[in-house]
Amino acid sequence: MNGRSGAEGLWTQIATCPPGSASYSDTSALSGSTVSYRVRAVSFSGAAFSGATIPMELETPLATPTGLRLGGSTSGIALDWADASVAIGYNVYRGTTSNFEANGDSRITTNLRDSQLMDNDVPSPGLYYYKIKGIWDGHEGPAAIASANSSIVPAV
């Protein structure tokens, strides 16, 4: 079996399957990438016969960040969470109601590479809700949601 990344990559032998096998699992393929596979039959004498080329889009769903903890203080709200599988970054959103919409208006940071953030830009003392979404290849996963009180007094 041969494989290549994308539609134009070079073919590389990635596996030799035993006679009669009807499946193969490529555990090295990255989620979200496009990989093409070419299956070729080989006779006992070693002669190869062309087979079908099968392009596949590989996708592993982004997990929800877990363990989201918030802590309010006079300097802002500290956020900390466990990494979500597959995520290469995080978008963080803040709202004043539990059902706020996570969009460009509520986003406070984008493509954060760390799993913690100190929100020093809280507009006024009060209760704030946060949504953390893992991102990969331009896609967002499901949100972790939590709330915290801030006693921050904004500078005048």
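The values are calculated or read from the model by the stated rules, or taken from the named source; none is laboratory data. This structure is a prediction, so every number in the text was calculated from the model and none was measured. Note that each Cβ is placed from the backbone with ideal geometry, even for glycine, and that neighbours are counted across all protein chains shown.
Out of S115, S85, S124, one residue alone is in contact with a strand residue (DSSP E or B) (Cβ under 7 Å, 6 or more places away or on another chain) and not assigned by TED's automatic domain parsing to the domain that holds W11. It is S115. Only one of the numbered conditions (1) of a type in the set (S, T, N, Q); (2) over 13 Å from the mean Cα position of the chain (by Cα); (3) within 18 Å of A87 (Cα to Cα) is violated by N111, and that is (2). Quickly run through region 88-119 and pick out the residues that are of a type in the set (A, V, I, L, M, F, W, C), touching a residue at least 24 places away in the same chain (Cβ under 8 Å) and surrounded by fewer than 19 Cβ atoms within 10 Å (Cβ to Cβ). Listed by number, the residues that qualify are I88, F100, M118. Tell me, please, whether a residue that is closer than 15 Å to G71 by Cβ and in contact (Cβ under 8 Å) with a residue 40 or more places away in the chain can be found in region 132-141. The answer is yes, given that some residue of region 132-141 is closer than 15 Å to G71 by Cβ and in contact (Cβ under 8 Å) with a residue 40 or more places away in the chain.
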